[in-house]
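Below you'll find the structure I mean.
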Amino acid sequence: MNATGRATRERLIVAVVVAVTAIAALLVATRVRLNPDVVALLPSRGDAALLARYLRGFGGGGVSVVLIQGPDAAENEAAAVATADALRGLPSVSFARARLDAGGSPDPLLLWRIADAPARKRLAEALTPEGMRERLAGTRQLLLAPGSGGATERLAKDPLRLAELVMGGERAVSSGVSTRGDGYFATDDGSSHLVVVKPKGQALRGAEAAAFTADVESVLDRTRAAHPSVTLGITGPHVVAAQMESLLRADLTRSGVLSSVLASIAFALVFRRVRALFAILPPLALGTLWTAALAAFWPGGISAIAVAFTSVVVGVGFDTGVHVYAALLDARRRGLSPVDAAHAARAHTVRPVLVAATIAAVAFGSLALSSVDALAQLGLLCAAGELLTALAIVAVTPAIGSLLERGDPPPPHGAGVFRSLARLTGTRSRAAVAALVAVVLGGSVLLTGVHVSDSLVAVRPSKLAALDVEREIFRVFGGRPQPFIVLVADPSRDEAMQRADLLAEGLATSPIVDRVDALVSVIPSVATQKARLAERDALDLPSRAADLERALQDKGFAVGRFGEPLEAMRSPPQEVLTPDEALSGDAGVLGARYLAEDAGEHLAALHVHLKGGAQARDLSEAVAAIDKRAGVTGYAKLEVDLRAALAGDMPRIALVASALVVLLLAASLRRAREVTIAMGVLVVGVAVLLALASLLGLPLHIYSALVIPVLLGISVDEAMFLLHQARDADADGPDPIEQALVVEGRPVVTTALTTSAGFVALALSGYEGLRHLGIVGALGNAVTLVVALFLVPAGLRLLRR
């Protein structure tokens, strides 16, 4: 191509780059958003998908709780009341209470509606002639006790104290929400108070969650100022979502900057040509910007794990720049002019670097097979980023480099270290020893095993203040933070509630269940209420009114004072409370805890606590025996589900990634022995990584372990470029294998370190999921580099003709 044609092509490249960059910048500025939704971190297939549905339904509009603590009980109560009053005036709040108004006591004979099975048995026994006399004897003692005047009116309406049989003591099925005797959500000593808040809007919509959190924090700041001895904190789905988004935004910014800085430092220390950064960083930034623009089209925004794409793209993308600039310097040393050297560098490297980028891209793309949407998103964004940064660097770096390298080219760097490495495998016997050592190190994984760690830290980050508040609430008020969730879904809300009622009753009698919290204890379905009233009516209460009258006379009561309960027995009340009526009052807070909607269906949830030794499998069997359509989920079961998802995803993704990498290596190298050596490097490197993970206790779980198949694509560069260089080395030279290490060793080490720098930046993240991914990626890349520097020359020495 003549000079005019080259100039025209250069101008066309510049025009395309400018146009694409302008569009990308507009998309990033206006459409890219972060997605703090935990649902994206959960498998979309298998049992864990049920938890995703529960979180969508209940996490989207759940209840938030303000915790108020201090040394003065009176001030704590005043702060709670003031906070609740202020919150009720906020546009983002639909409900806020420091205490519940129980309202008037219902007719004692209507208590059957909310009585669980043991309570209904106690009620039936109390209505026998013997039971009536026994209960009335206790009532008489209460009325004769000093200070009993306040109970006279209540006992006149309920002489048998039926309410105590339902509401008092331990209930087989409870509501999970308890108040002090005066209605406050508080400890008995008043040292801790709660304010229950129902936000408007959806927690899964970032703007609404942020608005609610900001409104509440402004109220809490005023409360802190008015009550300086009181400490306040808030938790709940909206607050967790807002804090999660802030954490992700900070990690995205920090990791993106750190990856560029660390990769630049690694490049400068090893490559020793600082000016080259001015040729590599601009197109690298362009490729990253283009990739971020693609994220603008992802429904829901960038998820927690996918935030890692910037660091990974920067770290891995540096590889292309290193090889292109090294080729430019080599061309200048051969005497070519800066412009000709730029063209020569592009022509010489375009095929191998684009092949390497494609191999890395398909390895990243294999994550699209993951059942976790966040990992699939990460894989696709990194795949696109790898290709886009490679194209940008091939297009731009040679042109900038030709301007930077107009002077005399630098002399070749010293290669003493790489000559020493070559001597370690300089003979076939030494090469055999090096290969044997590598195989033994890789085989050590058979002794250490594979250590799979806890995944929940990635789903529920430990550094969120809202989760600290949640843990403190459970510590102070009791209970367990991670019950099992039994979830019922039905097109009809009444049917969903009735099925949940039957499950609550059945599970409450199971020998594996310690406690069941369900809406049926306060607001049963209409069908359940009717069934329980029918059970009551089967006792033939009108015929027992005379028994009650005789028992009152026998115990010395004035029968005339008890006309109301006697009339109720002669004509038992049949009122049924509809859910809409019940949920319109203070009990609406319970509706948000146990009722929700998702995908056009009504959801009803039960919170189940198991006895010691009982497993999730036992609960699933108990649930299936009552309702085969119901499912068991919850954070208590999530760890099991995530391990199952990892066991399903890892083989599938590893197989696809391996097959694609082998095919692309075969297409690039075209020699079976070289493909064998490259794949040997990857297999040994991964095996050593797994062994080190077990020995060092590294966090290996579904969010970090699935980076291992990706290492097949991003770590193969070192082996592939060494193999290419060995093939191109002067066959008449003293040792082509040593020559390959001398020429390509420094660029290979540089690319490996810059890639690791991107993962190291993630290892410094505040979010555990990103941090663990970064640790595994950085260590895996470093291990594979060391294996390549020994195993490639050893393999070439052993397999050469």
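The values are calculated or read from the model by the stated rules, or taken from the named source; none is laboratory data. Quick caveat, the model's predicted, so the values are computed rather than measured. Note that each Cβ is placed from the backbone with ideal geometry, even for glycine, and that neighbours are counted across all protein chains shown. Accessible surface areas use protein heavy atoms only, side chains included; no ligands, DNA or RNA. Shrake-Rupley method; radii C 1.70, N 1.55, O 1.52, S 1.80 Å.
Keeping every protein chain present and rolling a 1.4 Å probe, give me the accessible area per residue for the chain in Å².
About 41 Å² of surface per residue is accessible.
Here is a follow-up. For a quick check of your reading of the filter: which trypsin sites (Lys or Arg not before Pro) in region 308-341 sit in a DSSP loop and have no more than 12 other Cβ atoms within 10 Å?
R334
Just want to confirm a number: the relative contact order over region 218-318, from Cα pairs under 8 angstrom separated by 6+ residues, in percent.
Once normalised by length, the contact order is 37 percent.
Could you report the accessible area of R133 in Å², rounded to 10, computed with a 1.4 Å probe on the protein chains as they sit in the structure?
Surface open to solvent at R133 totals about 80 Å².
Moving on to the next point. Percent relative contact order of region 716-801, based on C-alpha pairs within less than 8 angstrom and at least six residues apart?
29
Ordering L286, L155 by how much accessible area each has at a 1.4 Å probe, largest first, what is the list?
If we order L286, L155 from most to least accessible, we get L286, L155.
Ignoring ligands and nucleic acids, what accessible area does L50 show with a 1.4 Å probe (Å², nearest 10)?
50
Would you list which aspartates and glutamates come within 12 Å of K530, measuring only between C-alpha atoms, while excluding same-chain residues fewer than 8 positions from it?
Excluding near neighbours in sequence, the set is E575.
Write down, largest first, the equivalent ellipsoid semi-axes of region 347-440 in whole Å, where each equals the square root of 5 times an eigenvalue of the alpha-carbon gyration tensor.
33, 29, 10
Right, here's the next one. Just tell me which lysines come within less than 26 Å, Cα to Cα, of K611; anything on the same chain fewer than 8 places away is out.
Qualifying lysines at Cα under 26 Å: K121, K628, K637.
For the chain, what is the mean residue ellipticity at 222 nm derived from helices alone (per DSSP H run of n ≥ 4: -39500 (n - 2.57); sum divided by total residues; nearest 500 deg cm²/dmol)?
Numbers: 32 runs with 513 residues, N = 801.
After summing the helix terms and dividing by residue count, I get -21000 deg cm²/dmol.
Still on this structure, please answer the following. Of the chain, which part is the longest with no GluC sites (Glu not before Pro) in a loop (DSSP not H, G, I, E, B) and with at most 12 other C-beta atoms within 10 angstrom?
171-574
Heavy atoms only, probe 1.4 Å: what % of the accessible area of the chain goes to carbon and sulfur, would you let me know?
61
Looking at the chain, do any whole DSSP H helices span at least 27 angstrom along their long axis by alpha carbon and average 1.6 or above on Kyte-Doolittle, and which? Before the final figure, lay out the partial values.
Numbers: long enough: 3-30 (41 Å, 1.42); 206-226 (30 Å, 0.10); 237-271 (48 Å, 1.06); 309-333 (36 Å, 0.80); 338-365 (37 Å, 0.94); 373-404 (44 Å, 1.66); 635-669 (49 Å, 1.29); 672-696 (35 Å, 2.12); 736-763 (38 Å, 0.93); 768-799 (44 Å, 1.44).
Sorted by number, the helices that extend far enough and score high enough are 373-404, 672-696.
Give the Rg (one decimal place) followed by the Dmax (whole number) of the chain, computed from C-alpha coordinates and expressed in Å.
Cα only, the chain: 35.0, 122 Å (Rg, Dmax).
Still on this structure, I have one more. Pairs of alpha-carbon atoms within less than 8 angstrom and 6+ residues apart define the contacts here; what relative contact order does the chain have, in percent?
21
Moving to a separate point now. In what order, largest first, do H238, H772 sit by accessible area if the probe radius is 1.4 Å?
Accessible-area ranking of H238, H772, largest first: H772, H238.
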